[in-house]
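First up is the structure itself, then whatever we jot down about it.
The values are calculated or read from the model by the stated rules, or taken from the named source; none is laboratory data. Since this is a predicted model, take the numbers as computed values, not measurements. In this analysis, Cβ positions are derived from the backbone assuming ideal geometry, glycine residues included, and neighbour counts consider all displayed protein chains.
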Amino acid sequence: MSSNHNLNGIGMTSQRTRERLLGRLIDQGISSLEVLDVMRSTPRHIFLDEALSHRAYEDVALPIGHNQTISQPYIVARMTEAIVTSGPLETVLEIGTGCGYQTAIIAQLAKKVYTVERIKPLLNRAKANIRTLRLRNTDFKHDDGSLGWEQKAPFDAIITTAAPQEIPNELLHQLNPGGGRLVIPVGGDDRQELKLVTRNGDHFSESFLDAVRFVPLLIGQLQH
């Protein structure tokens, strides 16, 4: 658990280091000013263990324990931009809370965020991180993410931070029929594609965003 709650950061976690990361995101094609502003102001180092906090503003995925990772900042920005620029964001469902970094980014752009994590200690850690940032529009659930969160559906957008072999029907049917969007990595260890799926009524259109590498979406839930 990180005790690094200096939100401003020093040295390798300073604002200057964050600005360099922003430059890399822009160079890679992230253009939404909303997304860039939130990435700039969110202290990624508090989501990491102390020993890794000096690497927080490198554009890499990093381990957070339990065989899980905090996503590469470019991928977080890419996934967030895909839903921010394609329609309204009243309610968002996140599958795979992890340590809460992607959650924190979305929570600053959407009216309400619901997030599901199957690993209990990670969920508890994410709750603490979100509290530290004083974000109060997020509801957490310890459950199997492949099932979504039926009671809170429909969602304007769903972001999935783990890769199933194929897109779960439950997630598709929890999208708002009037333009709900799902951003999800799909595939196995050898090849994964980040896809954007848009729902209009009973029609789902799919587009390719990027080649990616995510941990697999596993079913069930873990207490420890």
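Quick notes on this structure:
- Breaking point among (1) surrounded by fewer than 19 Cβ atoms within 10 Å (Cβ to Cβ); (2) modelled with pLDDT under 95, for Asn124: (2)
- Looking only at region 30-60, and only at residues there that are over 17 Å from the mean Cα position of the chain (by Cα) and touching a residue at least 40 places away in the same chain (Cβ under 8 Å), the one that is nearest to Leu209 (Cα to Cα): Ser31
- Just one residue in the set Gln221, Gln174 is in contact with a His (Cβ under 7 Å, 6 or more places away or on another chain) and either buried (at least 21 other Cβ atoms within 10 Å of the Cβ) or modelled with pLDDT under 95 (or both); that residue is Gln221.
- Single residue of region 127-157 satisfying the filter (in contact with a strand residue (DSSP E or B) (Cβ under 6 Å, 6 or more places away or on another chain) and of a type in the set (A, V, I, L, M)) that is surrounded by the fewest Cβ atoms within 10 Å (Cβ to Cβ): Ile130
- Looking only at residues in region 94-121 that are among the aliphatic types (A, V, I, L, M) and in contact with a Gly (Cβ under 6 Å, 6 or more places away or on another chain), the one that is surrounded by the most Cβ atoms within 10 Å (Cβ to Cβ) is Ile95.
- Selection status of Glu206, in contact (Cβ under 8 Å) with a residue 12 or more places away in the chain and not in a loop (DSSP other than H, G, I, E, B): no
- For Val212: the one exception among (1) modelled with pLDDT of 95 or more; (2) closer than 17 Å to Ala77 by Cα: (1)
- In region 1-58, residue modelled with the lowest pLDDT [restricted to those that are in contact with a His (Cβ under 8 Å, 6 or more places away or on another chain) and of a type in the set (Val, Ile, Thr)]: Thr13
- Members of region 133-165 that are of a type in the set (Val, Ile, Thr) and modelled with pLDDT of 95 or more: Thr138, Ile158, Ile159, Thr160
- Of all the listed residues (Thr115, Thr138, Thr80, Thr103), the sole one being β-branched (Val, Ile, Thr) and in contact (Cβ under 8 Å) with a residue 40 or more places away in the chain is Thr80.
- With a requirement of 3 or more residues that are more than 20 Å from Trp149 (Cβ to Cβ), the strands (runs of 3 or more DSSP E) lying completely within region 14-123 that satisfy it span 62-65.
- Restricting attention to region 163-198, the residues being within 17 Å of Val92 (Cβ to Cβ), touching a strand residue (DSSP E or B) at 6+ places or on another chain (Cβ under 8 Å), not in a strand (DSSP E or B) and not hydrophobic (A, V, I, L, M, F, W, C) number 3.
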